[in-house]
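What follows is a short report on a single structure.
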Amino acid sequence: MFRGLYAAATALDAAQQAHAVTADNLANSSTPGYRQRGVRFETFDRLLGRDVPPTGDIVGTQLVSTFTDFKPGPLQYTANPLDLSLSEPDQFFVVQGPNGPMYTRDGAFRIAVDGRVLTQAGYPLLAEGGPVQVPAGTTRLNFTSDGSIQADGVPTGRLQVARFANPTQLKAVGPVHFTAPEGVTPETAAPRVQQGYREASNVNAPHAMVGMIASTRYYEAAQRALRTISESVQLNTRPS
């Protein structure tokens, strides 16, 4: 019976974690460049059974890992010259983070008062020689398909674009930025840039809503099971 209590409690925790991740996906379903997240769970018996035959003494569910789905999102035409997208799904814009380079598919940029091109979170977009800098007085800023930058027709640099053969190795830093773990080095990529377009979130909102409803039902079922087992324990332990 106590094994049942533990199994129901871990199921409750698993449903709560799945619900939180799905809620975060829904909250970012309109965030440009967002990549939906997911969770993987595993039963303790199955985990133990890899090394020794499962005894059945330990039951329940535990979180194995979280993951990011890097499938591309749909392109949105905005006509904004500071909205950029990358045609190749394994390529990323490189921005200067507080502790080194970060990588993003969010191509919605803005120009700061000092002429730097920034992400919406305030991180400088990097060209091959450093941050992208727009000369004062520029009236037309162009990004060509190969990543070259032109201010009023004058070349000023070329976007720095990184490619990862296995993007799933990246670590999420906030909703749309990633860092490369130690030992994972990005490859220099020949970009295919589209100006005036930005990549939308890859979250399928209706599908995510169904997932949220399902995790809520799992939570309620585990809660009922936990309550029923707890009441049974109390009845069986009462003095006769």
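The values are calculated or read from the model by the stated rules, or taken from the named source; none is laboratory data. Since the structure is predicted, the reported quantities are computational estimates derived from the model, not experimental observations. Heads up, the Cβs are rebuilt from the backbone with ideal geometry, glycines too, and the neighbour counts pull from every protein chain shown.
Every listed requirement among (1) in contact with a helix residue (DSSP H, G or I) (Cβ under 7 Å, 6 or more places away or on another chain); (2) crowded, with 17+ Cβ neighbours inside 10 Å; (3) at pLDDT below 80 is met by H19 save one, (3).
Screening P124 on (1) touching a residue at least 60 places away in the same chain (Cβ under 8 Å); (2) buried (at least 19 other Cβ atoms within 10 Å of the Cβ); (3) of a type outside the set (A, V, I, L, M) shows it passes everything except condition (1). Of all the residues in the stretch 167-190, those that are over 25 Å from T22 (Cβ atoms) and either among the hydrophobic types (A, V, I, L, M, F, W, C) or surrounded by fewer than 16 Cβ atoms within 10 Å (Cβ to Cβ) (or both) number 10. Every test in (1) free of Cβ contacts under 8 Å to residues at least 60 places away in the same chain; (2) of a type outside the set (S, T, N, Q); (3) part of a helix (DSSP H, G or I) is passed by A225 save one, and that test is (1). With respect to V154, determine if the residue is in contact with a helix residue (DSSP H, G or I) (Cβ under 7 Å, 6 or more places away or on another chain), hydrophobic (A, V, I, L, M, F, W, C) and modelled with pLDDT of 90 or more. The answer is no for V154. Of the residues making up the stretch 82-103, not one is among the charged types (D, E, K, R), buried (at least 19 other Cβ atoms within 10 Å of the Cβ) and under 10 Å from A162 (Cα atoms).
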